[in-house]
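First up is the structure itself, then whatever we jot down about it.
The values are calculated or read from the model by the stated rules, or taken from the named source; none is laboratory data. Every value quoted in this text rests on a predicted model; they were computed, and no experiment measured them. Note: ideal-geometry Cβ built from the backbone for every residue, glycine included; neighbour counts use all protein chains shown.
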Amino acid sequence: MKSNRRQFVKKTIAGFAMISLSPVCNSQKVFFTDKRYESKPWLELSKAAYLNNASLISKMAGGKPIIAVLKNNAYGIGDVQVANILDKSSDVYGIAVVKDERALAIRSKGVSKPILLMGDFDKNLSQELVNKNIVLSVYSKHSLLKITEISRNSITSIQVALYIDTGLGRMGIPYQEVAEIAKEIAKNPKINIVQTFSTLTTPKEFAKEQILRFEKIILKLNQKGVSTGLKHLAPSYSLIDLHNSHQDAVRPGILLHGSFPSIDMAEAKIYPLQVGYRLKAPVIRVEKLSEGDTIGFSRFYKVLKDEWIATLPIGWADGYNSSAESGAKVLLGDTLYPVVNVNASHTNISLGENTMITAGDIATLIGPDCPEITPEGFGKLVKGHNYLQINYKESITKHIYETF
C-alpha cells in the first residue's frame, strides 16, 4: 500500500535518527546557567549581532538611517531588549511599534531615540504618550479627531506622522484624501508633522506604483507649504529589492534579527547578517522507547527501532512552530538531532540508539551556531518560510550578552 506524505515524513525522520551524527556546529562561548530555568525555555540576545546587522542594513540602503520596526514584541524576541541595544547604534534613527503600551514600555526602559506608534492608541494613555514624546500616527479622519481633542488640553505640541495608504489597503489615510487631512493639521499649531510614511506591497510592479503615488503626494503637500518631515516607505523586502523606495529612511523588521524576508536571497551572500538570538531549552526527560512505540495524541511518530527520546519544555504554545516535527533539528552539545514531535507544551527529540544526553543538558532550537538551526535553515528543513520560526511567547525570559 502506498504511504501518504505524513507517513513518509515519519519514516524519513526515524531513519535519520538511526544515523550517528558527527559534530558539525560551532561551539558556544556563552553558557547561561540558573537553577530557576531547569524547566523553562529562554532567549539569549547578542548586542554585537544586532549592532552589526543595523550597520549592514544601513549599507544596503546606501547609508540611509534606520527606523527599527519592533512590532509584536519584536516577534517575541523582546522589543524592550532589542530597542535598548539599537538605541546605542548611530545607524538607527528611531524605533517603530504598533501598540501604545509597547511604545510606553520601551520609553520607560530608557530608550532615548524617537519612537513611532504606527497603530491606534487608547484615550486614557494619550497624555502619557504625548508627555513621553511618542510620535502618533494620523491614519484616518477619526484618528485626527482623537489627536485634535488631545491637543486642546496639551501644553506641548503633539508630534505626528502622516500614515498614507498608497495601496496596501489595511491601514493609513487613502492617498486621495491626504491633502484634505494635511490641510486640517496645518490649521492646528499644536500638531506638528515630523514624519510621513506608507507601506509597500511585495509585488514589485505595484510597489513601484505606490512609490509614485507617495512622491506625488509629498510634492503636492510641500508645494502647499505643508512640512512632511522624515519620509519612509521601505520594509525589509522593498529595502533590498527597490532602491528608489529608500526615501529619507528605511524601516526594516526581520532583517534586524539576522533573517532575510525570503529564503535564499542573493543579498545574503553580500551582507552576512547574524542571527541575533538563541532559543534554548533544557532537556527534562530522557527515555528509551521500543520498536512500535509512538509519541503524541495522534501517534504522529512511530519508533521503527529502539531509540532514546529527549523531551524539551517548549511547544507550539510558546512559539516553537509545530512544523518542526516535519524535519527540523536542534543542537545538543555540538551535534544536531531531529525533532520528531511538537505539542502545545513539549517537543521531543530523537537521540538515536545510543546517547550520552541526560536531563539537564541544554538544547539550542534556533540560533546562529549551525545553518540548520537558523530561521532560514528551519524553513528549508520543513519546506516552509523562515517567518514560521520567529514568533515567540512574550513571557519567555530574555538574557542579553555583549556577543556570542
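Here is a list: 266, 234, 182. Which entry is more than 28 Å from residue 81 (Cα to Cα), among the small types (Gly, Ala, Ser) and buried (at least 22 other Cβ atoms within 10 Å of the Cβ)? Please lay out each step first, then the result.
Details: 266 fails: buried (at least 22 other Cβ atoms within 10 Å of the Cβ); 234 fails: more than 28 Å from residue 81 (Cα to Cα).
Of 266, 234, 182, the one residue that is more than 28 Å from residue 81 (Cα to Cα), among the small types (Gly, Ala, Ser) and buried (at least 22 other Cβ atoms within 10 Å of the Cβ) is 182.
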Is it true that residue 374 is surrounded by fewer than 20 Cβ atoms within 10 Å (Cβ to Cβ), hydroxyl-bearing (Ser, Thr, Tyr) and either at pLDDT below 95 or over 15 Å from residue 282 (Cα atoms) (or both)? no
Across (1) on the phi < 0 side of the Ramachandran plot; (2) at pLDDT below 95, residue 311 clears everything bar (2)
Being of a type outside the set (D, E, K, R), part of a loop (DSSP other than H, G, I, E, B) and over 24 Å from the mean Cα position of the chain (by Cα) is the filter here; which residues of segment 346-399 pass it? 354, 355, 356, 357, 358, 359, 360
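Could you say whether any residue in segment 251-261 is under 30 Å from residue 182 (Cβ atoms), of a type in the set (Lys, Arg) and in contact (Cβ under 8 Å) with a residue 60 or more places away in the chain? Walk me through how you get there before you give the answer.
Of the residues in segment 251-261, the ones under 30 Å from residue 182 (Cβ atoms) are 251-253.
Add one more test, that the residue is of a type in the set (Lys, Arg), and what stays is 251.
From the residues that got through so far, the ones that are in contact (Cβ under 8 Å) with a residue 60 or more places away in the chain too are 251.
Among the residues of segment 251-261, at least one is under 30 Å from residue 182 (Cβ atoms), of a type in the set (Lys, Arg) and in contact (Cβ under 8 Å) with a residue 60 or more places away in the chain, which makes the answer yes.
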Segment 214-239: number of residues that are more than 27 Å from the chain's Cα centre (by Cα) and either more than 14 Å from residue 162 (Cβ to Cβ) or not in a loop (DSSP other than H, G, I, E, B) (or both): 10
Look at segment 333-365 and say how many of its residues are in contact with a strand residue (DSSP E or B) (Cβ under 9 Å, 6 or more places away or on another chain), hydroxyl-bearing (Ser, Thr, Tyr) and surrounded by fewer than 20 Cβ atoms within 10 Å (Cβ to Cβ). 2
Among residues belonging to segment 126-170 that are touching a residue at least 40 places away in the same chain (Cβ under 8 Å) and small (Gly, Ala, Ser), point out the one that is surrounded by the most Cβ atoms within 10 Å (Cβ to Cβ). 161
If residue 280 passes every condition in (1) buried (at least 22 other Cβ atoms within 10 Å of the Cβ); (2) over 22 Å from residue 357 (Cα atoms) but one, which one does it miss? (2)
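Within segment 192-209, identify whether any single residue is assigned to a helix (DSSP H, G or I), in contact (Cβ under 8 Å) with a residue 24 or more places away in the chain and buried (at least 18 other Cβ atoms within 10 Å of the Cβ), and answer yes or no. Break it down into steps so the answer makes sense when it comes.
Within segment 192-209, the subset assigned to a helix (DSSP H, G or I) is 204-209.
In the following step, the residues that additionally are in contact (Cβ under 8 Å) with a residue 24 or more places away in the chain were identified as 204, 206-209.
From what is left, the residues that are buried (at least 18 other Cβ atoms within 10 Å of the Cβ) are 207.
Yes, the conditions are met somewhere in segment 192-209.
Looking only at residues that are assigned to a loop (DSSP other than H, G, I, E, B) and modelled with pLDDT of 95 or more in segment 322-341, which one is farthest from residue 25 (Cα to Cα)? Spell out the reasoning first.
Applying the first criterion (assigned to a loop (DSSP other than H, G, I, E, B)) to segment 322-341 yields 327-328, 333-334.
Filter again for modelled with pLDDT of 95 or more, leaving 327-328.
On the way: 327: 18, 328: 15 Å.
The selected residue is 327.
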